[in-house]
Amino acid sequence: MTATPTSTSTSTEPAVNQPDPANPSAPPALRMVDVRKVYGSGDGEVVALDHAELEVARDEIVALVGPSGSGKTTLCSIAGGLLHATDGAVEVDGRDITHLSPSELTDFRRSSVGFVFQTVNLVPFLTARENLLVVNELGGRRNRNGSRARARADQLLEELGLADRAGNLPSQLSGGQRQRVAIGRALMNDPALVLFDEPTSALDSKLGDQVVHLIREEMKARGTSAIIVTHDDRITHYADRTVHIEDGRIQA
Amino acid sequence: MKLALRELRRRPGRFVTATAVLTVLAILLMFLGGLLDGLLAGSTGAYRAQRADLIVYSSTARESLVRSRIDSTVRAAVEAVPGVEAVGGLGSVQLGARQADDPTSRDLLSTALLGYELAPRGLPATPPAAGTVIADSTLKADGVAVGDTLLLGPVRTPVEVVGFVDDTGYSGQASLWGSLETWRSVTAANRPDRTFADDSVAALVVQVDGDAAAVADAVDRATDGATATLTIDEAIEALPGVAQQRSTFNQIIGVTAVIALVVVGLFFALITVERTPLYGILKAIGGSSATLFGGVVAQAVAIALVASFLGAGASLALDAAIPPGTLPFQVTPSRLVTNVALLVLAAVAGCAFSLRRVLRIDPAAAIGAAS
């Protein structure tokens, strides 16, 4: 498969991007202002993220690159509402999530961001279609728009080329198909931001290329922003921008 | 919840072991409950059948029909108490019985001859004629039929069976219901040390209008302490062995329920450990701890219900298979419902072992960012 990047990524671009030209008043998909994340205290204090500033515009795909322990996963977790920042402010799609309670963060994650994890991690006893619907079901009584969710799941599976695999369990799918189901699950709640945690690390070179190509297509088709955490240089070619992080600091 | 139930449906094999162990425990619970109910039914039927509110013993009887004796003076005092509507004499004597067509048999039937005035449930208002009795239907299993003559006690006093009545066992013995006259004559013949005059009975059963406990106190006051009056429920509990049987069986049932709780607890604690990565993912994509723990509880309740259903089925099958009169085993809807509730409660409580672990799963672990 041939890579189809829309712009060249560099490691020296500023971390703050321009607003969406189609809708200049719309807030960016992600805005992190002076974010710090510190684990432990006193002599045992570890600074995982140090005064990080990052803005991801709508429709933008950012590759987040850095060595192990550089803080990229921490940044991604704070952006996705999995962790609280120690200091600083985080806005996703214009909503300040800095001080949300754990239950508010749970609702936020279910409704406003998508995740694709390193090892896919589909629910093994659910079919491809049910793995998409699980996002809706986790909302319990608060999410009773079942028919709308089913229609969306079917539409996503169709668009991801998995319509004929909707009834298959993950064990009956190939690695690439499973990754596509995971992408579909991340898109179920129509998020402003999708976070990909090393999506190609478990795939061979050819399949990894296909998956990243698919990610770009799907994100761009929906105008959804994405941050892709990666070690893989191939991915940076598909991103609109590459952000480097080292020792918890975003490189300007 | 739907997620958890789907897992049960799609991966039943994962839950077979826990379901099997719980089913064994459910069968044990049902069996113990059935035995307890059977024993209690065989001991208390004669009292439960009373259409009365109170039983009046003599105060020296230590709440036992065997030791009690009430004469006409005391009876008159009882009848005069406000709130007392009707009074009937009651007498009992426990004797071995032989069937007349096999008088040399060494196999004695355990029987208790009870004389009555106020008809208990299932018995005619006018007691059977002298020398005739209505027998508890458990005696049918011993071959006793209407028209048979039973020879009671060492003197082998004959009484003719003229009918049957259900569920009137007394102290584990089959009851024979006759008139006070029949009871007095059989007692006099076989227990010369415990004869009753024509105006004496062993105890009185009393129907009251109003608060039974208050009337009971009034009765004992009216007789100057010559009587000890109990409500029917108190009298049942005071029957020899009843409280002890109930306490012993309830303790065994309680221990069985605790074992069920531990089985469920350990099983789901292990399953939760195994599911930790999956729960991390589900929390990361918006699943709350309450939703995930609710799934664990739903699975535990479902397993407990399946085990209860199988246990209840086995219990009913056992009840149908046991020949009448051979084993004091009785299946009652209330016992089945109680045992199901107990198992479900144990299952829910067992899940509490997993609650802390579910709460502690950090969604950030899903992308390796947990602190």
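The values are calculated or read from the model by the stated rules, or taken from the named source; none is laboratory data. In this text, all values refer to a predicted model and were calculated from it rather than measured experimentally. No Cβ is skipped: glycine too gets one built from the backbone with ideal geometry, and neighbour counts run over all protein chains shown. We work out accessible area using only protein heavy atoms, side chains counted, and drop any ligands, DNA or RNA first. Shrake-Rupley method; radii C 1.70, N 1.55, O 1.52, S 1.80 Å.
Details
- Å² per residue, accessible surface of segment A:152-252 at 1.4 Å: 37 Å²
- Buried solvent-accessible surface, both chains (A, B), 1.4 Å probe, Å² to nearest 100: 2300 Å²
- Top positive-direction residue, dipole computed over segment B:245-363 with Cβ charges, set B:TYR279, B:LEU266, B:GLN330: B:TYR279
- Proximal charge balance of B:SER68 [Cβ under 12 Å; K/R count +1, D/E count -1]: +2
- Overall, the accessible surface of chain B at a probe of 1.4 angstrom is composed of carbon and sulfur to the extent of 60 percent.
- Taking label points 7 Å from Cα along the Cα-to-Cβ direction, B:VAL273 and A:SER171 give a separation of 2.3 nm.
- Here the dipole of the protein assembly as shown is about 1260 debye; that uses its Cα centre as origin and unit charges on the Cβ of Lys and Arg (positive) and Asp and Glu (negative).
- Take the Cα of B:ARG10, step 7 Å toward its Cβ, do the same at A:LYS206, and the gap between the two points is 2.9 nm.
- Heavy atoms of A:CYS76 accessible to a 1.4 Å probe, total area in Å² rounded to 10: 0 Å²
- Among the lysines of the protein assembly as shown, pairs at least eight places apart or on separate chains and with Cα atoms under 28 Å apart come to 8.
- Set the Cα radius of gyration of the protein assembly as shown against 2.2 N^0.38 Å, with N its number of residues, and you get 1.56.
- Restricting segment A:19-112 to GluC sites (Glu not before Pro) in coil, as DSSP defines it, with at most 16 other Cβ within 10 Å: A:GLU45
- Most simply put, chain A has about 45% antiparallel DSSP beta bridges, counting only bridges with both residues inside it.
- Farthest toward the positive end of the dipole of chain A, out of A:PRO102, A:GLY40, A:LEU138, is the Cα of A:LEU138, where the dipole comes from beta carbon charges about the Cα centre.
- Among the residues of A:97-106, the average count of other protein chain beta-carbon atoms within 10 Å of the residue beta-carbon is 2.
- Ellipticity estimate at 222 nm from DSSP helix runs (n ≥ 4, -39,500 (n - 2.57)) divided over chain B, nearest 500: -17000 deg cm²/dmol
- Candidates per trypsin sites (Lys or Arg not before Pro) in segment A:87-149, loop by DSSP, up to 16 other Cβ within 10 Å: A:ARG144
- For chain B, built as a Gaussian network whose Cα springs stay under 10 Å, the top-fluctuating residue of B:SER175, B:SER72, B:SER315: B:SER72
- Inter-chain shielding of A:73-84 (mean C-beta neighbours from other protein chains, 10 Å cut-off): 5
- Packing-based ranking, highest mean first, of B:291-297, A:199-205 given that Cβ atoms within 10 Å are counted: B:291-297, A:199-205
- Exercise: per-residue mean of other protein chain Cβ atoms within 10 Å, A:218-225: 0
- In this structure segment B:179-273 gives 45 Å² per residue of accessible area when probed at 1.4 Å with all protein chains present.
- Rounded, prolate or oblate (a/c below 1.5 giving rounded, otherwise prolate when a/b exceeds b/c) for chain A by Cα gyration tensor: prolate
- Based on Cα contacts under 8 Å between residues 6+ apart, segment B:146-297 shows a relative contact order of 10 percent.
- Here's how it looks for A:LEU83: its modeled amide H is under 5 Å from those of A:ILE78, which are all 5 or more places away or on a different chain.
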